[in-house]
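Below is one structure, written out as structure tokens; comments come after it.
Nothing in this text is a laboratory measurement; each read-out follows from the coordinates by a stated rule. As the structure is a computational prediction, the values presented were derived from the model and not from experiment. Glycine also receives a Cβ, built like all others from the backbone with ideal geometry; neighbour counts cover every protein chain displayed.
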């Protein structure tokens, strides 16, 4: 015959944690949309600076842009 012992702890602690899943998904979506917006903003700024360099300044760029839009 084998003897088994069972010890029962009288003091139990339990922690109930709740996570609001909708808030976490919304936060993740907000962070990704802000990151995408930042990437698009940096890309457009870099393109504008590159166009100004090629056109020899902002006034030449504006003149070339109006000429392209008007078809001249």
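A count restricted to region 52-72 and to residues that are more than 34 Å from the chain's Cα centre (by Cα), surrounded by 12 or more Cβ atoms within 10 Å (Cβ to Cβ) and part of a loop (DSSP other than H, G, I, E, B) stands at 0. Annotation note: Cβ proximity below 6 Å between a residue of region 45-64 that is at negative phi and touching a residue at least 12 places away in the same chain (Cβ under 8 Å) and a residue that is part of a helix (DSSP H, G or I) and surrounded by 10 or more Cβ atoms within 10 Å (Cβ to Cβ) (sequence gap 6+ or interchain) occurs for no pair.
Here's the yes/no breakdown for (1) part of a helix (DSSP H, G or I); (2) more than 26 Å from residue 68 (Cβ to Cβ); (3) in contact with a strand residue (DSSP E or B) (Cβ under 8 Å, 6 or more places away or on another chain):
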{"residue": "19", "(1), (2), (3)": "no, yes, no"}
{"residue": "30", "(1), (2), (3)": "yes, yes, no"}
{"residue": "33", "(1), (2), (3)": "yes, yes, no"}
{"residue": "41", "(1), (2), (3)": "yes, no, no"}
{"residue": "45", "(1), (2), (3)": "yes, no, no"}
